[in-house]
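The values are calculated or read from the model by the stated rules, or taken from the named source; none is laboratory data. Being a predicted model, the structure only gives us computed values, none of them experimental. Every residue, glycine as well, gets a Cβ built from its backbone with ideal geometry; the counts of neighbours run over all protein chains shown.
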Amino acid sequence: MAVSVDVAQKDLLVVQNLKTYFPVRSGVFQRISAWVKAVDDVSFTVKEGETFGLVGESGCGKTTVSRSILRLIPSNEGTVFFDGQDVFNLRSNELKALRRNMQIVFQD
């Protein structure tokens, strides 16, 4: 008789309400006239041991989500926790160390 054991997996990556907007500038003084909402209120959780894929149409914000999570580009709102650490509040040297444990695999 096989016994199944439900092992609770801890949350490895938690993204909550992520928003990344880019300004549209116009006029002689290049003032911000509008915002492009590249990522608007994205949330998901990846548990330890899971494989996660972010899929969607071209231009829907997949790369922007990935770059925002790694803080390669700034986000406007939201939180990102990786292995319990608040990614958006890490100092430069802490972020560099954390990035060694994270990876983006692009479709190219």
Within the stretch 1-100, strands (runs of 3 or more DSSP E) holding 2 or more residues that are polar (S, T, N, Q):
11-26, 31-47
Give me the pairs: first residue in the stretch 26-37 and on the phi > 0 side of the Ramachandran plot, second residue at pLDDT below 95, beta-carbon distance under 9 Å, and six or more apart or on different chains, which are they?
G27/S33
